[in-house]
Structures are given as C-alpha cells and as structure tokens.
Amino acid sequence: MEKTLKRRQQQYGGESFTDKIQRHKGVILVICVPLFLVSIVLYVMPTTRSLSDPMESLNRKFSPNIGSMKYAVIFDAGSSGSRVHVFCFDENLDLVPIGNELELFVQRKPGLSAYASDPEAAAESLLSLLKHAENVVPRNLRSNTPVRVGATAGLRQLEGDASERILQAVRDFLKSKSSFKAKADAVVVLDGNQEGAYQWVTINYLLGKLGKKYSDTVGVVDLGGGSVQMAYAISESDAQKAPKVSDGEDTYVQEMYLKGTKYYLYVHSYLHYGLLAARAEILKVTDETGNPCILGGHHGTYKYGGAVYPASAMSQGSSMSSCREVALKALKVNEPACTHMKCTFGGVWNGGGGDGQKNMFVASFFFDRAAEAGIINPSLAVAKVRPADYESAAKRACETTLESGKSEFPHVEPDNLPYLCMDLVYQYTLLVDGFGLDHQHEMTLVKKVEYKNSLVEAAWPLGSAIEVASSLTVDKPIGPMFWNRRIATWVPKPKQVMHHASLKEGMEFTFSLSITS
C-alpha cells in the first residue's frame, strides 16, 4: 500500500500547472463556456430604463431582436395641423409593431403656418409630439434614428421669408431639444409632387402592390389643407405623350423601379386647391354681399395663409346649384390655357387615364368630411364611396342653416360647420369636373390601410420613412435614390427630368439619371 501511494505521489506530486489544466480541460470548458455566453448576453442587453418610458418598455416586449430594427421619425407639418409618425422596420423593410400598433401617430393643431410671425413658437409647438416620439424609440437607438420634418402646402404659401424663418427655427429646435439624428437638410418644405409620390408609395406598399404590373396598382387622390395631389401609374405609351414643361416646372411623369418593377408615375400637385385653401379661392369669387356656399346665419371672416376673407351667408342662405357655379369658377375647369388632349383643371394634363386610375383611393379631407357628414361610419378605416355620395350630402348640407346644422351634423366641428356646404360641393366638383371621374365611379375612401392585421395611417410620411430607413441599409446613398434588397425609393431633385434604376437580387443594380441644364 505504501509503495502504491508513493508511486502516485511521484506521478502527480511533481505535476506542473499546465499539466493540471490539460488534464482537467473538459471540466473547465463545461464551466467556462456557459459563463462566457451569459456574459455576452448581459453585455449586449440594453441598459435598464426608467419607469417613465412605459411605451418604450411595451415596444421592447412586442419587438424581439431589437438590435436589427431601424426606426424613422417623420413630422408632417401640414396646413391644418402638425403630426408625428414613428415607424419601425426590420432588415427586410417590413413594418414591425410599436406596442400594439404598427406606428405611433399623434397630432396637434394648429399647424406651423399659424405662427407666421413667431418662428420660435412654431418650433416649440412640436415639443409634445417630439416627446411622444422619444418615448417609443429605445434609448440606445435614438442617436442613430433619423428625424425628418416635411412641411407641406400651408408653409409653401406663406409670404416673404416667413417659411424659411420657421424652418430654421425648427432646425435649431431639433438640434437643441431632440435626442434623434437631426440633419440640417432633414427640415424642408416638401415639393408637392414629392408629397404625392410618397403617398402613392405608401398606399401601394401597404396593399402589397409594389412589384406588380402597373395595372394592378391603385391610384391616389390626397386632399390636404393647402394642396391636392393625384398620382397613379400609367402605361409607357401614355408616358411618352406627356406634354413638355417649361424650365423650373415639375415634370408630369416620374420613372422609377420599385421592387424590381418599372413604373411610370403620373403625379401632379395642385397648389391652392387643398380643402382649406379652396375655401379662400371660392370666397374670392364672390364679393362682400355674401357667398352661396356659406350656411345661412353665419356672418364672419375666414383666415388662411395670412390673409382674411369676408365669409358671410347670403340673405336666402346657402344654395347647392349656386355654390356649384362658384366652385367651378374657382377650379378654372374651363381654363382656356388647356392645350393638351386631356386636362383636369387649370390647364393641367390629366395623365391620360388608364388602368392605373381605375382603382382610386381617396384620402385625408375626403375621408374626414365623409365621416363628419354621415356619408360613412366614422369608426371605419376604409369604405367604398362614389362622387354621388358627396353630391347627396352636399344637397342636405346646403339646405340647412347654421343653427339647425348643429343638430343635423353633430360630428362637424363648430369652426367647420359654416363651410360644410362649401366643402362638400367643392369635393364633389373636384372629383367629377376637376378629375373627370364618373358620377357613379366607385372609389375607396381610406384613413388607414390594413397591414399584417394592423391598421396603418394612409399618409405620405410612411413613403418618406421607407426612403430614409432604406438609406440605413447601405454604406451611402446613390444619387437621389436609396437602395436595399427589397425596395428602392426616390426623392425628386430640382431640374430633374427623368431618373430610373433597377434593383435585382444579390444587390446588382443599374442606374441612370438625366438632368436638364
């Protein structure tokens, strides 16, 4: 026994530290590998957040694998109010839920243009919206999350340098108050055609239409406060018939590739013909003795774009037929400047029509007034309507007075009630006489679009978010377009006539761009 013990002591007693590690390496690996993996998990986990960000915690609960997510914050600074949209995308540019919804959407009134003489107050009006956005974006992602502010028609119509002063105040505001990635060129007044194109991309993206032939896509009419946009895909032959435009004017047709499919997109923005701006145009047609579109019993003024217009009812009250005559004059439907084969109004080419226009989605104020006037159920996000529905509602509105309208149209806001006859007559006239739609043409009235069992706001900011999010998937942008495996979007630039690109699997692409001098 003693000899055996001595042999073991001789065998192990003089063993080196390295030899001991070698002999027990299996046990060491079993212990160390799990500890190493746990350490990595703890390292990559975000820091603990305070209970003051409940939406942020909720977002994390519903958004696994958050490291691969990309957020985009888009402010829509419209003429009727300011809105913030926050979107989250995965690596394939598919929308990812934020809490229980596929986007954060918050709005407030009035819009930036209401602060024409106080740029700092205009910028500060966005503070509450900014806080809502910051609460849903994870803290560790905020510094890399792009924020954009797109001002639309309301700001475009301000006189002098008021618009630029407000934009600069917003840039300074984001630089000092925002935790997001705010570039100076991210605060702009959107070109009307760009706004319309973003809207078309938004709705067709949500419907899963991008990548299909042009005749399978849907057309869009977006009635904002200051302008109205029409956008739809047309055939190549119709695109070749597009009238030439003068230097400095927007081209009628934009050529683009989206998800591997080439589209010729007819898009035109009609400044001064959004719903709120059209009120001013209609009031200009009549004098101070009264306007046949104002509900009986109302006597006052209408303020828009820094100007004040007399807005009083005629002694006999409002009249559908007389209001139609005034609306037609305001729209300049019979404008002699129309030198093209087919025009809408104001001498503007209508794009030629075709399959891309057959399935029309109408949005924004078309939806709001239809809900308020009882044309559709206000709780619906999507509804089928015809121009004739607006005509019927207009007749009913024009036959009422300001006092009786309070009970007959309880969903209409008090400030809008005096103009209800005017708004509905204008919308009907715009669709039938302006855009040439048949009286019984079925349209889809849309507030939100269903996407992956959720409802998403059908507005241009998603198109902008898709573009900015896709720019984060590659090292740098190529020209005016950004690339990623699933989609390419574009931003029209000044003097740009045509641009097109193709995107194939494996990131192979071709790109060409022609610019006028």
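Structural remarks
- Residue within the range 218-234 that is over 14 Å from the mean Cα position of the chain (by Cα), open to solvent by 10 Å² or more (accessible area, probe 1.4 Å), more than 19 Å from residue 150 (Cβ to Cβ) and in contact (Cβ under 8 Å) with a residue 24 or more places away in the chain present: no
- Of the strands (runs of 3 or more DSSP E) lying entirely inside the range 280-381, those carrying at least 1 residues that are hydrophobic (A, V, I, L, M, F, W, C) are 307-312, 360-364.
- Scanning the range 106-152 for residues that are in a helix (DSSP H, G or I), in contact with a helix residue (DSSP H, G or I) (Cβ under 7 Å, 6 or more places away or on another chain) and open to solvent by less than 10 Å² (accessible area, probe 1.4 Å) returns 112, 119, 122, 123, 130, 136.
- Some residue of the range 487-499 being open to solvent by less than 10 Å² (accessible area, probe 1.4 Å), farther than 26 Å from residue 252 by Cα and at pLDDT below 90: no
- Summed over the range 76-105, residues that are open to solvent by 30 Å² or more (accessible area, probe 1.4 Å) and among the hydrophobic types (A, V, I, L, M, F, W, C) total 1.
- Among residues of the range 262-290 that are within 20 Å of residue 316 (Cα to Cα) and β-branched (Val, Ile, Thr), those with a beta-carbon under 7 Å from a residue that is outside any strand (DSSP E or B) and open to solvent by 20 Å² or more (accessible area, probe 1.4 Å) at least six positions away or on a different chain give the pairs 285/329.
- Scope the range 382-422; condition within 19 Å of residue 439 (Cα to Cα) and not in a helix (DSSP H, G or I); matching residues: 383, 384, 385, 386
- Taken over the range 193-217, residues that are among the small types (Gly, Ala, Ser) and more than 15 Å from the chain's Cα centre (by Cα) amount to 3.
- Test: residue in the range 362-373 that is touching a helix residue (DSSP H, G or I) at 6+ places or on another chain (Cβ under 7 Å), among the β-branched types (Val, Ile, Thr) and buried (at least 22 other Cβ atoms within 10 Å of the Cβ): no
- Test result for residue 192, closer than 25 Å to residue 434 by Cβ and among the small types (Gly, Ala, Ser): yes
- Residue, nearest to residue 453 (Cα to Cα), within the range 183-214, restricted to residues that are open to solvent by less than 50 Å² (accessible area, probe 1.4 Å), of a type outside the set (Val, Ile, Thr) and touching a Lys or Arg at 6+ places or on another chain (Cβ under 8 Å): 210
- Where residue 432 falls short, out of the listed (1) hydrophobic (A, V, I, L, M, F, W, C); (2) open to solvent by 20 Å² or more (accessible area, probe 1.4 Å); (3) assigned to a loop (DSSP other than H, G, I, E, B): (3)
- Test: residue in the range 253-264 that is open to solvent by 30 Å² or more (accessible area, probe 1.4 Å), among the small types (Gly, Ala, Ser) and within 21 Å of the chain's Cα centre (by Cα): no
The values are calculated or read from the model by the stated rules, or taken from the named source; none is laboratory data. What you are looking at is a predicted structure, and each value in this text was computed from that prediction instead of being measured. Ideal geometry is used to build each Cβ from the backbone, glycine not excepted, and the neighbour counts take in all protein chains shown. Just so you know, the surface numbers come from the protein's heavy atoms only, side chains and all, with ligands and any DNA or RNA stripped out. Shrake-Rupley method; radii C 1.70, N 1.55, O 1.52, S 1.80 Å.
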